[in-house]
Amino acid sequence: MIQVFSTRKDKKHLYQFTDLSEGTDVNGIGFDPIEIAISNDGVNWHSIYDLPDLEGVYVVDSPYVAEAKPTDEYKKIGINDGESLLTSSYAQRELKVTFAFEGINQNDVKLAFDALQRWIVSRSPYWICFANWPQRMYYVKATTIEQTHLTDRGYLATVTFTDQIGLSRSVGTTGDWNNHVAGFGNNESTATTNYSFTNNSFVVRNPSDVLIDPERRGHPLRIIVDGSSSGKFKLNNTTSGTSISREKAFSGQWVLDGVNPTLDGKPDLANTDYGTIALQMGGNHFQVENFSGRITFDFPMWWLS
């Protein structure tokens with residue numbers, strides 16, 4: 001299980017009056033802070049609450065819903081009216097986050113601001129996750145930091161993160177659905193969600209807002225095939241019109257990782273028809289030929305917001 005946020009028990013929260021004496025709520029502050037965490041690999045996370053140098057630095061505001069930015073390329077063909085759509089993708093977008101700090105003196109403010117810069121400014125992008133939408137992460141790079149309000153005892157700073165992909169990704173994958181994927185706004189089905197199958201006809205649900213396409217879009221998709229085939233094994237997604245087949249018999253674990261197949265850890269592309277699998281949004285109907293065993297689908301989700 002991936003641990004994204006801090007496990008400390010004394011996290012700050014919006015001040016709650018417990019009696020007539022102001023200050024009884026020792027962990028209360030004047031706003032409801034949003035915990036954030038960052039990770040280089042999407043697995044090992046560091047929360048702002050677990051960094052001693054950032055004690056007293058809180059996120060005041062973050063995007064409630066990130067805005068999608070579709071970008072299209074068109075071409076004029078002959079004397080046809082209008083233009084024809086060639087490609088469509090999602091462009092980079094900006095995520096603005098407001099940080100606040102209240103300290104003791106001017107030196108305290110300087111150190112707190114310097115610590116914030118040191119944590120979020122990097123030459124390379126990284127993943128960031130917000131506790132107010134905890135199943136989603138964004139691949140970002142901090143591009144600007146503005147000191148919007150600075151005093152001898154505190155600051156407000158607005159940080160603009162550039163979302164490199166233009167989509168949010170689930171923190172976990174279908175292999176850890178309940179812990180990291182299921183949640184508010186994630187297109188969950190009322191039916192039981194299953195990603196491991198032993199029969200030769202089944203439906204794989206893709207709750208993403210986009211097609212899962214390892215070949216053209218580079219989306220991660222691992223299909224683990226444990227079992228045996230007497231030959232002419234075929235995995236066919238009749239919904240997306242994609243398939244892959246293997247002529248020779250095999251017994252063991254055959255894995256299609258994106259566009260790269262392996263058999264028991266050894267490259268196996270030459271023994272296939274060089275096919276690929278893509279998952280349309282919603283239900284994907286699969287037909288399997290000449291195979292006995294278990295097939296498991298492991299992939300992250302992608303959403304517009």
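Structure notes:
- Residue in the range 147-155 that is assigned to a strand (DSSP E or B) and open to solvent by less than 70 Å² (accessible area, probe 1.4 Å) present: yes
- Index of the failed condition, residue 277 passing every other in (1) under 26 Å from the mean Cα position of the chain (by Cα); (2) open to solvent by 20 Å² or more (accessible area, probe 1.4 Å): (2)
- Selection within the range 280-303: residues that are within 27 Å of residue 138 (Cβ to Cβ) and open to solvent by 50 Å² or more (accessible area, probe 1.4 Å). The member of this set that is farthest from the chain's Cα centre (by Cα) is 280.
- Condition met for residue 228 (assigned to a strand (DSSP E or B) and in contact with a Phe, Trp or Tyr (Cβ under 9 Å, 6 or more places away or on another chain)): yes
- A single member of 262, 272, 239 is free of Cβ contacts under 8 Å to residues at least 60 places away in the same chain and open to solvent by 50 Å² or more (accessible area, probe 1.4 Å), and it is 239.
- Annotation note: Cβ proximity below 7 Å between a residue of the range 32-45 that is touching a residue at least 60 places away in the same chain (Cβ under 8 Å) and a residue that is of a type in the set (S, T, N, Q) and open to solvent by less than 80 Å² (accessible area, probe 1.4 Å) (sequence gap 6+ or interchain) occurs for 34/62; 34/132; 35/6; 35/47; 37/47; 45/39.
- When restricted to residues that are at pLDDT below 90 and either closer than 15 Å to residue 66 by Cβ or of a type in the set (A, V, I, L, M, F, W, C) (or both), the range 87-108 contains 1.
- Restricting attention to the range 249-259, the residues that are touching a helix residue (DSSP H, G or I) at 6+ places or on another chain (Cβ under 6 Å) and open to solvent by 30 Å² or more (accessible area, probe 1.4 Å) add up to 1.
- The number of residues in the range 220-231 that are more than 14 Å from residue 293 (Cβ to Cβ) and modelled with pLDDT of 95 or more comes to 3.
The values are calculated or read from the model by the stated rules, or taken from the named source; none is laboratory data. All figures in this text were calculated on a predicted structure; none of them were measured in a lab. Virtual Cβ from ideal backbone geometry, glycine too; neighbours counted across all protein chains shown. Just the protein is used for accessible areas: all its heavy atoms, side chains included, with ligands, DNA and RNA removed. Shrake-Rupley method; radii C 1.70, N 1.55, O 1.52, S 1.80 Å.
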